1. Candidates (i) 25.9, 86; (ii) 25.8, 79; (iii) 21.2, 82; which is the computed Rg and Dmax of the Cα atoms in Å?
2. In what sequence do S138, S275 fall when counting other Cβ within 10 Å, fewest first?
3. If the cut-off is 27 Å between C-alpha atoms, which lysines fall inside it for K226, apart from same-chain ones fewer than 8 positions away?
4. Would you mind counting up the charge near Q148? Only other residues with Cβ under 10 Å from its Cβ, with Lys and Arg at +1 and Asp and Glu at -1.
5. For R102 and E280 in one chain, what is 0.36 nm times their gap in residues minus the Cα-Cα distance, to one decimal in nm?
6. Separation of segment 245-266 and segment 116-172 by C-alpha centroid, Å?
7. So how strong a dipole does segment 236-365 carry about its Cα centre when Lys and Arg Cβ are +1 and Asp and Glu Cβ are -1, to the nearest 20 debye?
8. If I stretch the segment between R223 and Y398 completely, what's the gain in nm (0.36 nm per residue apart, minus their alpha carbon distance), one decimal?
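Taken together, the values in this text are just the output of simple stated rules run on the coordinates, not laboratory data. Please read these numbers as outputs of a predicted model, since none were measured by experiment. Cβ placement follows ideal geometry from the backbone for every residue including glycine, while neighbour counts extend to all protein chains displayed.
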Amino acid sequence: MVISRIDMRGSLPANLRDVLPRADLDVEAALEKVRPICDEVRHRGAAAVRELTARFDGVEIQQARVPREAIHAALRRLRPEVVAALEEAIRRTRLVHRDQRRADVTTKVVPGGTVTERWVPVDRVGLYVPGGRAVYPSSVVMNVVPAQEAGVASLAVTSPAQKDHGGLPHPTILAACALLGVEEVYSVGGAQAVAMFAYGTEECPAASMVTGPGNIWVAAAKRLLKGRIGIDSEAGPTEIAILADETADPVHVASDLISQAEHDVIAAAVLVTDSVRLAEAVEKELPGQVNATRHAQRITEALGGRQSGIVLVDSIEDGLKVVDAYAAEHLEIQTADAAAVAARVRNAGAIFVGPYAPVSLGDYLAGSNHVLPTGGCACHSSGLSVQSFLRGIHVVDYTREALAGAAEHVTVLADAEDLPAHGAAIRARFDWQVPSRKETQ
């Protein structure tokens with residue numbers, strides 16, 4: 001198998017972000033294809049959801065909502081070791097996310113004048129869990145736990161209908177919902193699922209927000225309906241970047257690149273290193289490890305795609321510039337003094353430090369969240385967290401005396417912006433008049 005090399009030794013390109021490996025994901029082109037889908041759901045509700053599920057998933061469903069008994073039956077049938085692993089994942093994820101809950105803060109601006117920032121959860125959220133090539137009960141945990149810890153009163157999970165499971169989502173997904181106490185679950189995937197939450201149907205009340213990863217059609221529907229409904233991110237193909245030097249173990253590096261390539265043929269796996277020896281050792285290691293995996297063909301296609309590669313740089317200093325430009329969803333640091341190097345990273349969805357914090361730990365059991373920004377969006381966006389489901393509301397409380405102390409400044413600024421009624425609204429509250437700037441000229 002072949003993974004490409006990009007040699008950036010000598011001088012880093014000025015347009016780093018444009019020349020680094022990246023999957024092709026034309027969300028803009030997909031918009032026009034999802035628009036009629038979303039319009040159908042908007043105008044015809046549950047009937048459209050059922051018809052679209054039959055069209056795209058090949059499954060005839062009588063109703064989108066999963067019966068409560070099916071959810072609990074899935075948990076009863078789940079192997080005990082999987083139940084135990086999910087319970088531990090929930091426990092660790094809850095520990096981390098519980099500490100993210102923000103406290104209301106009141107600031108005394110002047111005597112008698114305060115501003116309080118209240119953190120209020122959104123009323124209702126729709127949580128999307130992908131189907132397709134793999135089964136993602138871990139994504140149920142990563143969506144549900146932060147929403148619960150934020151105090152969201154109403155939440156619903158949706159996941160594509162599976163032909164092999166009688167039109168229901170995969171039973172492991174249903175079992176994870178049961179473990180988390182979620183009983184509102186829908187057998188709906190794709191753009192129609194996002195539209196269902198945005199507009200509501202006879203079966204599913206509209207939500208304030210939709211979160212969770214999905215395919216390009218989910219990403220396009222999120223972009224189309226953003227504003228009608230809040231979103232976390234558009235979440236494209238998964239990606240890993242590894243910044244490594246000669247101290248890294250090529251066996252570890254190769255296995256971690258493979259672990260992300262396993263997700264999809266368009267998954268991205270990028271190694272950035274200042275060590276030609278490590279690059280060669282990883283290239284030598286990859287074929288044997290890939291051939292030993294169940295999904296060798298998928299992984300081979302992902303590692304050989306334009307979105308994956310080995311980037312050679314002159315130094316770890318240059319490597320930091322490259323990974324900051326790449327802004328990976330998952331970034332591993334496998335260098336000498338990895339913690340110090342990791343502390344200098346500015347752009348990443350999540351950072352994994354040293355040889356014993358692989359990305360696969362974060363996917364399941366680190367306690368961190370694996371719903372993370374992709375496609376370079378980590379330079380401006382964060383992963384899913386308790387904060388994702390909270391809104392900050394400023395509560396302004398001033399006494400008459402405190403307002404009087406600000407009155408002249410408000411009036412001056414109102415006149416400076418040619419909005420005299422703003423100043424008049426202040427003066428109307430007092431027996432005396434605060435002169436406007438124009439009156440004093």
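1. Computed from the coordinates, Rg and Dmax of the Cα atoms in Å corresponds to (i).
2. On the way: S138 22, S275 19.
Ranked by crowding around the Cβ, least crowded first: S275, S138.
3. K33
4. Working: positive: R94, R98; negative: E149.
Overall, the nearby charge balance is +1.
5. Working: separation 178, 0.36 × 178 = 64.08 nm, distance 4.72 nm.
Additional length available on full extension: 59.4 nm.
6. Centre-to-centre (Cα) distance: 29 Å.
7. Working: 8 positive and 20 negative charges, 55 e Å.
The calculation lands at about 260 debye.
8. On the way: separation 175, 0.36 × 175 = 63.00 nm, distance 4.00 nm.
Contour length minus the Cα-Cα distance gives 59.0 nm.
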